[in-house]
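S.K.: The structure's right below; bear with me while I get my questions together.
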Amino acid sequence: MAKSLVDIATELEGCCRCALSETRTNLVFGVGNPTAEVMFIGEAPGKQEDLGAEPFIGAAGQYLNSLLALAGLKREDIYIANVLKCRPPENRDPLVDEIEACTPFLREQVKAINPEILVTLGNFATRFILKTDRGITGLRGQVHITGRFSVLPIFHPAAAIYDSNKKAIMEDDFRLLGRLIAQRRVERGSGQL
Ligand code: URA
């Protein structure tokens with residue numbers, strides 16, 4: 001049976017399974033609708049998230065919020081968590097041992113929420129969920145099936161902030177997410193057509 005989000009958060013309290021515990025301000029567990037149809041998975045907390053103990057509340061989060069409407073979503077509809085629960089110093093890439101120590105908890109969060117759709121933001125989340133070494137550029141724009149989940153890899157919002165050529169692609173991918181949500185609702189007989 002799946003653990004509850006409360007139980008998972010309790011297990012993580014005071015976590016020191018990797019060295020990020022020495023530099024973090026707060027552990028950033030995840031936030032949102034505990035029965036969300038759509039769960040977003042990012043990479044790791046940044047500076048604002050480390051201070052505020054909530055994922056995607058900095059610039060990348062503001063941009064993400066602005067895109068959700070293209071998929072017919074509001075921030076309170078979704079659940080959002082990261083591959084790593086603690087901020088890597090200077091926002092460096094997650095290390096293999098950090099990913100290994102932290103992702104059992106992400107896996108439990110996915111089981112607890114049991115979403116229909118996983119949106120993976122950037123390379124680290126996509127590689128973890130799809131168990132692939134392929135990069136996000138070749139994987140985005142298509143729906144992948146893994147187990148009972150539809151997985152939609154999307155560029156990390158921070159990448160589109162730095163490279164404005166990616167913004168139109170991001171918007172297309174959020175419209176695709178909207179169509180995927182509608183399709184899944186029709187398949188389970190709750191579509192509003
Ligand atoms: N980038 C992420 O991947 N996650 C956050 O929570 C914030 C920025």
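S.K.: Look at I41 and say whether it is touching a helix residue (DSSP H, G or I) at 6+ places or on another chain (Cβ under 6 Å), among the aliphatic types (A, V, I, L, M), within 20 Å of K111 (Cα to Cα) and in a helix (DSSP H, G or I).
M.R.: no
S.K.: Could I ask something else about it? Taking G122, is it modelled with pLDDT of 95 or more, surrounded by fewer than 17 Cβ atoms within 10 Å (Cβ to Cβ) and either more than 22 Å from K3 (Cα to Cα) or of a type in the set (A, V, I, L, M, F, W, C) (or both)?
M.R.: No; evaluated as a whole, the condition is false for this residue.
S.K.: State yes or no: is K111 within 21 Å of P55 (Cα to Cα), touching a residue at least 40 places away in the same chain (Cβ under 8 Å) and surrounded by 21 or more Cβ atoms within 10 Å (Cβ to Cβ)?
M.R.: no
S.K.: Any residue in region 168-184 that is of a type in the set (G, A, S) sitting within a Cβ distance under 9 Å of a residue that is not in a helix (DSSP H, G or I)? List the pairs, counting only those 6 or more apart or interchain.
M.R.: Pairs found: G178/G72; G178/L73; A182/G72; A182/G191; A182/Q192; A182/L193.
S.K.: Go through (1) away from the ligand (no atom under 13 Å from the Cβ); (2) among the small types (G, A, S); (3) out of contact with any Phe, Trp or Tyr (no Cβ under 9 Å at 6 or more places or on another chain); (4) over 20 Å from E11 (Cβ atoms) one by one and return the number of the condition A60 breaks.
M.R.: (1)
S.K.: Follow-up. Of everything in region 68-86, what is in contact with an Asp or Glu (Cβ under 7 Å, 6 or more places away or on another chain) and more than 9 Å from the ligand (Cβ to nearest atom)? Give them in sequence order.
M.R.: L70
S.K.: Among what's in region 44-57 and is closer than 11 Å to V31 by Cβ and not in a loop (DSSP other than H, G, I, E, B), pick the residue that is nearest to the ligand (Cβ to nearest atom).
M.R.: Applying the filter and picking the extreme gives E49.
S.K.: For T132, which of the numbered conditions (1) outside any helix (DSSP H, G or I); (2) in contact (Cβ under 8 Å) with a residue 12 or more places away in the chain fails to hold?
M.R.: If we test T132 against (1) outside any helix (DSSP H, G or I); (2) in contact (Cβ under 8 Å) with a residue 12 or more places away in the chain, just (2) comes out false.
S.K.: Next up: Consider region 1-38. How many of its residues are part of a loop (DSSP other than H, G, I, E, B) and under 14 Å from P89 (Cα atoms)?
M.R.: Counting residues in region 1-38 that are part of a loop (DSSP other than H, G, I, E, B) and under 14 Å from P89 (Cα atoms) gives 6.
S.K.: For region 138-172, give me each residue that is closer than 25 Å to C102 by Cβ, in a helix (DSSP H, G or I) and away from the ligand (no atom under 14 Å from the Cβ).
M.R.: L139
S.K.: Give me the pairs: first residue in region 50-75 and over 26 Å from P88 (Cβ atoms) and in contact (Cβ under 8 Å) with a residue 12 or more places away in the chain, second residue of a type in the set (G, A, S) and more than 8 Å from the ligand (Cβ to nearest atom), beta-carbon distance under 7 Å, and six or more apart or on different chains, which are they?
M.R.: The qualifying pairs are L70/G178; A71/G178; G72/G178.
S.K.: Taking region 143-183 on its own, how many of its residues are crowded, with 16+ Cβ neighbours inside 10 Å and of a type in the set (S, T, Y)?
M.R.: Qualifying residue count, region 143-183: 1.
The values are calculated or read from the model by the stated rules, or taken from the named source; none is laboratory data. What you are looking at is a predicted structure, and each value in this text was computed from that prediction instead of being measured. All Cβ positions, glycine included, derive from the backbone under ideal geometry; neighbour counts span all protein chains shown.
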